[in-house]
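Student: I'd like to ask you about the structure that follows.
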Amino acid sequence: SGLPGNPSGAALSASTNGNAQIQFNDQAVGIYKFVYTTLDNHKDTVAYTLYPKPVVSLGEDFGFCDGGEPVIITANGGISYIWSTGQTTNSILISPIASTNYVVTGTDSNGCKNADALYVSIFPKPQGQIPYVEPVFENDDLQIMAGSWSNAMQYEWQGPNGFISSAPNNMITNVTTDEAG
């Protein structure tokens, strides 16, 4: 009882029928030797090496545009990996259609395992409709309007003759036939 020789980070339970349990905490990395005796006549030593868990990392959670181009997510910190998707490489190509939590378990050269998770939020596509524009005559002003859109953060207009604008509503003055389109 008391087990004064126990190393820091380890706890040894009392022996029952010749069995005892050793519990290690996360700071208990190292080599441990446990010496036990039976009736003060038989002595033996058990050596145990406790390796640290690998630091497996997927990086920060991020957002993905609904219907966006596939992206690669990469795990590091291990020498082999198993993903919640069943894949076993360190990088996987994802194209989620709903917000998804990806989990990877990495194994290091000592056989120790640790996991990390990455949450990918799906950003919805903007929804809206550009209002109908009446035809205009040459040299008239053309008013173009984006209309009402949900989930839109910015606008981008592109048109003939290099027309580009980020304003939701635009006035093109004195239009010419070169600007048709």
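The values are calculated or read from the model by the stated rules, or taken from the named source; none is laboratory data. Since we're looking at a predicted model, the values are computed, not measured. Heads up, the Cβs are rebuilt from the backbone with ideal geometry, glycines too, and the neighbour counts pull from every protein chain shown. Heads up: the accessible areas ignore ligands, DNA and RNA and are worked out on the full protein's heavy atoms, side chains in. Shrake-Rupley method; radii C 1.70, N 1.55, O 1.52, S 1.80 Å.
Student: Out of curiosity, is Asp44 exposed (fewer than 11 other Cβ atoms within 10 Å of the Cβ), over 18 Å from Asn114 (Cβ atoms) and of a type outside the set (Val, Ile, Thr)?
Tutor: Values: exposed (fewer than 11 other Cβ atoms within 10 Å of the Cβ): yes; over 18 Å from Asn114 (Cβ atoms): yes; of a type outside the set (Val, Ile, Thr): yes.
Yes; evaluated as a whole, the condition is true for this residue.
Student: I'm told Glu69 meets every condition in (1) over 12 Å from the mean Cα position of the chain (by Cα); (2) surrounded by 14 or more Cβ atoms within 10 Å (Cβ to Cβ); (3) of a type outside the set (S, T, N, Q); (4) within 30 Å of Ser166 (Cβ to Cβ) except one. Can you identify the failing condition by its number?
Tutor: Among (1) over 12 Å from the mean Cα position of the chain (by Cα); (2) surrounded by 14 or more Cβ atoms within 10 Å (Cβ to Cβ); (3) of a type outside the set (S, T, N, Q); (4) within 30 Å of Ser166 (Cβ to Cβ), the lone unmet condition for Glu69 is (2).
Student: Something else: Inside the stretch 82-113, can you point out the residues that are in contact with a strand residue (DSSP E or B) (Cβ under 6 Å, 6 or more places away or on another chain) and either open to solvent by 70 Å² or more (accessible area, probe 1.4 Å) or among the polar types (S, T, N, Q) (or both)?
Tutor: Ile82, Ser84, Thr88, Asn90, Ser91, Leu93, Ser99, Thr100, Asn101, Thr105, Thr107, Lys113
Residues are listed down the side, and each one gets a yes or a no for (1) modelled with pLDDT of 80 or more; (2) in a strand (DSSP E or B); (3) more than 41 Å from the chain's Cα centre (by Cα):
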{"site": "Ala14", "(1), (2), (3)": "no, no, yes"}
{"site": "Ala28", "(1), (2), (3)": "no, no, no"}
{"site": "Tyr32", "(1), (2), (3)": "no, yes, no"}
{"site": "Thr37", "(1), (2), (3)": "no, yes, yes"}
{"site": "Asp40", "(1), (2), (3)": "no, no, yes"}
{"site": "Tyr48", "(1), (2), (3)": "no, yes, no"}
{"site": "Lys53", "(1), (2), (3)": "yes, no, no"}
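Student: Right, something else. Note down all Cβ pairs under 8 Å where the first residue falls in the stretch 97-126 and is more than 17 Å from Ser80 (Cβ to Cβ) and polar (S, T, N, Q), the second is in a strand (DSSP E or B) and open to solvent by 70 Å² or more (accessible area, probe 1.4 Å), and they're at least six residues apart or on different chains.
Tutor: Taking only residues 6 or more apart or on different chains, the pairs are Ser99/Tyr119; Thr100/Tyr119; Asn101/Tyr119.
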